[in-house]
Structure formats: structure tokens, C-alpha cells
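Chemist: Before I ask anything, let me first share the structure, which is written out below as C-alpha cells.
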Amino acid sequence: MLITDLLKQEFRKGFRSQAFYRGLAVKILMGFLALYFAVLFVLMGIVLGEILNEVHDTLKPLELFNGASLYVLLSVLALRFMMQSLNVLNLQTYQSLPIKRKTLVNFMLIKPIFSPANYMSLLVIVPFALKSVVVWHSGWVALQFVLNWVLLIWVNIWLASYLKRRFGHDFKLLIVILAVILGIAALEYFKVFSLFDISMSVFNFLTMMPFGWLATLVFAGLAYGLNLLFFSKNYYPEKFNEKLNRNENKVVGGLSFLEKYGTIGELIQLQIRLIFRHKRTKTLVYLSAFFMLYGLLFYTSEMYTNSAIWLVFCGLIITGMLSITYGQWVISWESNYFDAILTKNIPSKEYIKANFYILIAFNILSFLLTMPYFFFGTKIIYLHIAMFLYNTGVNMFLLVYTAAFNTKRVDLMAKSAFNYQGTTYKSFLIVLPIMFFPMLLAGVLGIFTTYNIIMLVFGLLGLVGVLLILQQMKLCTNHFNKRKYAMAEGFREKE
Amino acid sequence: MITITNLSKKYNENVVLDIPELTIQAGESFGLVGNNGAGKTTMFRLILDLIEATTGEVSIDGEPVARRDEWKTFVGSFLDEGFLIDYLTPDEYFAFVGKLYGKSEGDITAFTDKMADFFNGEVAGNKKLIRELSKGNQKKTGIAAALLCDPKILILDEPFTALDPSSQIRLKRLLNELQETQNTTMLISSHDLNHVTEVCKRTVVLEKGKVVRDIATSVDTLKELESYFAV
């Protein structure tokens, strides 16, 4: 069958790409990280039943789970809508060959079904089914529960790809979806309307009725059909990918005020365009915003709030995630046109300054956005102020200074779900002084003194850094001028 | 205006460029020819301080270029796509570059209007991003951006390749005009001997990193070059 041939070619494409064999160290590190999360997920699946059992007196774990399912699926749909990359490129290669269009369309739709990354949630679902559903219900219900979940993943994949092709990467649509989810949650909370009950009755039917999974199969078929309908209406790739390629001029348009600030303003505006016109940078920004929510977990748990070391860790992540993750590749982001940076009228001093300002602006933005955490008490207020100052005064310098050691080209157009192209062991090394040194410092200080004094020390360190910012910039400029040849040479090398 | 002294570039004992002495006068049009790997791009990159010289230096108006910024205000250059910011539209790119040289929006519009003939209705005013343009139009965008700053010195690497015949003729006309009206110093490399002899008053032949011919262009130049490169 032709579709299997096409799938085989896709696998070969993956294994034969040069990137696959490069950067083994990074691969291993990422592998460990993946393993860590996999173990975490499985453990979660094992204990989930017991946790749910304690939450409610009368409802069984599976019923509770079913009630939450619609929320989970909607959130995952939103996440997919943002992150899932659509299969678009290789179609053009095949289109000129004597292959039926129908086969190509089916192939495009079926391909994501074979991607293991889409089934990560099964790591929670299967242990939960084996450990809890079997006990509370029966083996058949457990089997049907897992089968249902797989089919629901398919529904989600196809709905997301339809919505994406139909509406494009519309920033506004995403906000609307998030607002709707939050709105429903609020209605639920005030007991006006319960999506939970609806979700529970629907999913109870699907999982517990004999052959309930057939209904889910029908849903999956409908989602698939929706895509087929779309492709039958939009025949050519340029047509059905039209919405995906649209520029996001609107987001950037409002930044014309930066033009007043001369070269630095221009450079900052350029980088903001860079962020909003590439999937990889956009994903990074969304994910960092997501990390801000971590405080809800950390600051409500006594294990963290009683330890200065953990609090420093959380504070750094919550107030600095955006600038730290973006800063890990600062300057490298612009490797595509680094020669232009070096030859156009951009004095090195101004260039370094612009990068500092962007990172500091990210810091200020994160600080402002995480201000609601101030309601968690003075401890958190001190923490956030201290970490904000420390990040701005010390960590930003470390990031810009060490950025000049990165000589690997970052290809922003490389497409993959978790794109870490351009990552080297150096990207991990930098995390040591930025994340672990402050934790170490907090630990050592904790032996001698109180929490408030520790925060004061961090605040003062940051403040000294901020006062010395001009010297920091000068140091970075000199370092950049020495390293720029090595960087330019590395950046010219395409993978 | 541009002086090169004792300039050499080695990669692991492999000499790719070695020029003991070379001076380019203000207003001179300097053509650089040579086979692949002769060191043309290396020489331009050294002049633009994109790579570090192993020995020697390049100076412009008596000031060394290495690790300085001053020369960037009056040197316009386009070597390859590494000079283009591919996620901008050509208009956005011109605006960005123009602002770096203190041009107003009016100046930039006037400039793109002046270039309309060369653009042939395709580059400016287009909603496409630079990375979506054809190779030829990308080249036009890069050359135009190099000209945007009213450069005293203009450095172009292979400006004629990937251009269609009409555009090649238009570009030659444009460059000749610049020499006559602005007295712009030009450094242009090309594989095509015809183009170089038509635009440049002086032609230098590089081979394996060394200057092997330095000719003032005359009616016989093309023949001399052709016989040199004949195999």
C-alpha cells in the first residue's frame, strides 16, 4: 500500500537527517530529561487513583476522572493548536509524482497518529487503568477506557489540525479559547453551570457502556471527515496553508514608539519581530508564561515555602524564566544575519546594549505579571523583589557575557515539535551559575542567618549589579569584539 | 583610501590569502576576478572585518578597520544571504537599514522610488518576506540595502549572478552612474569577465590567494583576461 511507503520514507527522513547524528551529548541529556518525565508520569498514574479516592466521598475515581476529561481535552486542544506542527513541506515534493491526491491527503492526516510524542498521556492513563479502574470497575471497562483515550487523542489531533488550517495561528483565537475555558471554570466554581457533570455523564457512557468506544470512534471519524472536507474545498497547498503563513504584522505594528530610540530601538523592534515570526521563539515565550503558574504549586506547598533554597529556585524560575530561556541563545538567535549585524552601521556597544535592554524588559514584564503572588505574603514579596534585582543585576550579565561563547548557528526555520537545534553542552553549562549558584548561596547563608537577611543579600547583590550596568555592558562589548570572528565563522556553517 | 599591508589569512597552515601590499584610491572602481577558492570572498571579508587576519591589516583613510565601528557609517556591502534579515519584508528591511544610517521615512521612499527600475516592480511594496523571494530578488534586495546609505565605498560579491539579463544591464548602468555622479569607490568581484571589464577601471586577478595580475582596463583587457583563464 502506498501510504505505508510514504510513512517509511518519513522515518528514513528522520534517521538519515544529519542533525540526528550530531550533538550526541545533547541527545543523551535530553534523553535523561525525557526519561525523568516518563517516570514522573507513570508514578502519577499509579497514585492518581488513591488521590482521586480521597478527594470525593461518593464518586469513584474513574467518575471523577471522566468529569475532568472534557477540561483536559479542551486544554490539550488549545495546547496542540499552539504547538502542533502541521505536515506541509514534503507534500510539494510528492505532488508532482504520479500519486493520487487522495493518498497524499490521507497520508498527511494519518502521519501524526504514528508519532509517539502524541501518546505521552498514556503514561498516566495506562497505570491508572491497571491500578485503579480494574479494581473499582472491571477489566473490560479499563480496556475500554484506554481504547477510548487513544481515540480521543486522534480526535484531538484532527480537530487541532482542522482548526489550525481553517483559522491559522491567530493569536486572538487562542486568547478566545483560553478565555472560554477560564469562563467555564468560573461558572463551574460559582455553580451556575457544570461542565463537570456533562463531561461525567458523556464519558461515563463512553467508558462504562458496553461498546461505548464505538461512539468515540464515530467522533474520530467525524473529525477526520472535517479535514477531508477542508481539503476537498481547498485543493492546492498554497491555498490550504494560506492562513498558516500569514505575517503577524499586527502584533508588531504597535511597537513603532521604539523608533524614537535610534539604533537601539531599531534593534529591539527587530528582535521582537524575530520572536513573533518564528514558531520556535513563540513557543518559548508561551512556555515561559506557563512556568509563571508554577508559583501556584510551589507557594502553596510547605515543603518549598519553608526552605530558602527552594524558594530561591522558585523565585528565579517564576520571575526570570522568560529572560533566562530567551537569554540562553541571545545573539545566537540572530546568527542567520550576523554578518549584517557586523557590517551595517551598528556599533558593537549599541548592539550589546540592545540585548541587555531586551532581557531586562523581559525581567520587568515577568516581575509585573507575577505580582499577584504578592497575596501569598511578605515572604513572597521579598523573594520576588530580591530575585528580580538579582536576575537583572547579575544573571543578565552572565547570559550576555557567555552568549559570546556560543558559536553554533541557530536555524529558526528548522521544524520540529521540541526544537532544540543549536543547543550545545554550553547551553546547559550556563544554567549552573545562573540557577545553582544562587541556590548554593542561599544554602550557605541559611546556616548563619535568617530568611530576610538572605533576601537582603540577594537584593543588594542585584542592586550593585544594576548600578554597575554600564561597566557590565563595557565588559561584554570588549568580550564580544574579541569573540565576534569565531561567532561569525560558526554562524556561517549551516547544518 | 583603502590600504592593505602584509595581509594574510591562514586556516591550519593553509594560506588562503596573501597580499603584501595593495592600495585602492578614492573613486576607483576595482574589479576582482579569479576561479573558485582564489580568495575573493576572503579578501572582502577581511576588508569588512568579518574574519580576523592572521597577519597584517586593512586600513580605510589611515584607520585600521579591525574591531572598529567608524568605517561602517560609509561602507555599503553585500556579500551573501547572511546580510539579509530573511523574516522581514524588503520594505521593512530597507526601513531597518535606513534608520541605522539616520534616514527618514521620506528618504527611504525616495530611494526605493529611484530603484523602481532595478526592482522591476517586484521587490519594494511586496508583502512577501525576504525568505520567500527568488534568489534574484533576494540579491536585488541586498544590493539596494548596500546602496541605501549613500556609501563612499561599495563592496559587492558576485552581484551579477542570479540576476536576469535585463537586471544585469540595469545594475551595470546603475554602478556606472554612481561612479560618475557620486565618485563612489567600488570593489566588485565576478566570475564573468565581461561584466567586470564593463564596470571596473582596474582589474585584479587572484589565484590561490595571491595577486597575479593588476591591470588598468583598456580595450585589450578582456582578451588578456580570457587568455589568462583559458585552459
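The values are calculated or read from the model by the stated rules, or taken from the named source; none is laboratory data. Quick caveat, the model's predicted, so the values are computed rather than measured. Reconstructed Cβ throughout: ideal geometry from the backbone, glycine too, with neighbour counts over all protein chains shown. The protein model used for the area step is the full one, side chains on, heavy atoms only, and it has no ligands, DNA or RNA in it. Shrake-Rupley method; radii C 1.70, N 1.55, O 1.52, S 1.80 Å.
Residue-wise test of (1) within 7 Å of chain A (Cβ to nearest Cβ); (2) in contact with a Lys or Arg (Cβ under 9 Å, 6 or more places away or on another chain); (3) more than 14 Å from A:Lys344 (Cβ to Cβ); (4) not small (Gly, Ala, Ser).
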position	(1), (2), (3), (4)
B:Asp69	yes, yes, no, yes
B:Phe78	no, yes, no, yes
B:Glu92	no, yes, yes, yes
B:Val97	yes, yes, no, yes
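Chemist: Conditions first: (1) away from every other protein chain (no Cβ under 14 Å); (2) without any contact (Cβ under 8 Å) to a residue 60 or more places away in the chain. A:Tyr485 passes all but one, so which condition is the exception?
Modeler: Just one mismatch for A:Tyr485, condition (1).
Chemist: Would you point out the residue of region B:62-82, among those that are in contact (Cβ under 8 Å) with a residue 24 or more places away in the chain and in contact with a Ser or Thr (Cβ under 7 Å, 6 or more places away or on another chain), that is farthest from B:Ile153 (Cα to Cα)?
Modeler: The residue in question is B:Leu79.
Chemist: Consider A:Glu495 carefully, then state whether it is modelled with pLDDT under 90 and open to solvent by 60 Å² or more (accessible area, probe 1.4 Å).
Modeler: In short, yes.
Chemist: In the list A:Leu267, A:Leu217, A:Leu274, which residue meets the criterion of being surrounded by fewer than 17 Cβ atoms within 10 Å (Cβ to Cβ) and either at pLDDT 80 or above or not in a helix (DSSP H, G or I) (or both)?
Modeler: Criteria check complete, one pass: A:Leu217.
Chemist: Scanning region A:343-355 for residues that are surrounded by 23 or more Cβ atoms within 10 Å (Cβ to Cβ) and in contact (Cβ under 8 Å) with a residue 12 or more places away in the chain, which turns out nearest to A:Phe290 (Cα to Cα)?
Modeler: A:Asn355
Chemist: Hey, among the residues in region A:275-305 that are within 14 Å of chain B (Cβ to nearest Cβ) and out of contact with any helix residue (DSSP H, G or I) (no Cβ under 6 Å at 6 or more places or on another chain), which one's nearest to B:Leu88 (Cα to Cα)?
Modeler: Taking the candidates together, the pick is A:Arg277.
Chemist: Which residue, of A:Leu456, A:Leu432, A:Leu467, A:Leu463, is within 30 Å of A:Lys379 (Cβ to Cβ), within 30 Å of the chain's Cα centre (by Cα) and open to solvent by 30 Å² or more (accessible area, probe 1.4 Å)?
Modeler: Being within 30 Å of A:Lys379 (Cβ to Cβ), within 30 Å of the chain's Cα centre (by Cα) and open to solvent by 30 Å² or more (accessible area, probe 1.4 Å) holds for just one of A:Leu456, A:Leu432, A:Leu467, A:Leu463, which is A:Leu432.
Chemist: Using the structure shown, decide if B:Glu207 is surrounded by 14 or more Cβ atoms within 10 Å (Cβ to Cβ) and in contact with a strand residue (DSSP E or B) (Cβ under 7 Å, 6 or more places away or on another chain). Walk me through it before giving the result.
Modeler: Values: surrounded by 14 or more Cβ atoms within 10 Å (Cβ to Cβ): yes; in contact with a strand residue (DSSP E or B) (Cβ under 7 Å, 6 or more places away or on another chain): no.
Taking the combined requirement at face value, the residue does not satisfy it.
Chemist: Can I ask one more? Counting only residues that are within 26 Å of A:Lys260 (Cβ to Cβ) and away from chain A (no Cβ under 12 Å), which one in region B:109-146 is least open to solvent (accessible area, probe 1.4 Å)?
Modeler: B:Ala144
Chemist: Given the conditions (1) more than 28 Å from A:Ala34 (Cα to Cα); (2) out of contact with any Lys or Arg (no Cβ under 9 Å at 6 or more places or on another chain); (3) not aliphatic (A, V, I, L, M), which single one is not true for A:Tyr425?
Modeler: (1)
Chemist: A follow-up question, please. From the residues in region B:210-231 that are open to solvent by 80 Å² or more (accessible area, probe 1.4 Å) and among the β-branched types (Val, Ile, Thr), which one is nearest to the chain's Cα centre (by Cα)?
Modeler: This residue is B:Val219.
Chemist: Would it be correct to say that B:Gly121 is without any contact (Cβ under 8 Å) to a residue 40 or more places away in the chain and out of contact with any strand residue (DSSP E or B) (no Cβ under 9 Å at 6 or more places or on another chain)?
Modeler: yes
Chemist: Is it the case that region B:161-182 has a residue that's touching a strand residue (DSSP E or B) at 6+ places or on another chain (Cβ under 7 Å), hydroxyl-bearing (Ser, Thr, Tyr) and open to solvent by less than 40 Å² (accessible area, probe 1.4 Å)?
Modeler: No, the conditions are met nowhere in region B:161-182.
Chemist: Taking only region B:17-56 into account, find how many residues are among the acidic types (Asp, Glu), away from chain A (no Cβ under 14 Å) and surrounded by 15 or more Cβ atoms within 10 Å (Cβ to Cβ).
Modeler: Residues of region B:17-56 that are among the acidic types (Asp, Glu), as a first pass: B:18, B:21, B:28, B:49, B:52.
Narrowing the set further to residues that are away from chain A (no Cβ under 14 Å) leaves B:18, B:21, B:28.
Right, trim to surrounded by 15 or more Cβ atoms within 10 Å (Cβ to Cβ) and you get B:18, B:28.
Number of matching residues: 2.
Chemist: Collect the residues in region A:286-328 that are at pLDDT 85 or above, open to solvent by 20 Å² or more (accessible area, probe 1.4 Å) and under 13 Å from the mean Cα position of the chain (by Cα), keeping them in residue-number order.
Modeler: A:Met321, A:Thr325
Chemist: What number goes with the only condition from (1) among the hydrophobic types (A, V, I, L, M, F, W, C); (2) over 15 Å from A:Tyr71 (Cβ atoms); (3) in contact with a helix residue (DSSP H, G or I) (Cβ under 7 Å, 6 or more places away or on another chain); (4) at pLDDT below 85 that A:Leu151 does not pass?
Modeler: (4)
Chemist: Which of the numbered conditions does B:Tyr87 fail, given that it passes all the others? Conditions: (1) within 9 Å of chain A (Cβ to nearest Cβ); (2) surrounded by fewer than 19 Cβ atoms within 10 Å (Cβ to Cβ).
Modeler: Answer for B:Tyr87: the failing condition is (2).
Chemist: List the helices (runs of 4 or more DSSP H) inside region A:306-410, counting only whole elements, that have at least 1 residues being within 14 Å of chain B (Cβ to nearest Cβ) and in contact with a helix residue (DSSP H, G or I) (Cβ under 6 Å, 6 or more places away or on another chain). Give the derivation first.
Modeler: Numbers: elements: A:308-327, A:338-343, A:348-369, A:378-390, A:396-403.
Result: A:338-343, A:348-369.
Chemist: Go through the residues of region A:32-46 one by one and say whether even a single one is surrounded by 14 or more Cβ atoms within 10 Å (Cβ to Cβ), assigned to a helix (DSSP H, G or I) and at pLDDT below 75.
Modeler: No, because not a single residue in region A:32-46 is surrounded by 14 or more Cβ atoms within 10 Å (Cβ to Cβ), assigned to a helix (DSSP H, G or I) and at pLDDT below 75.
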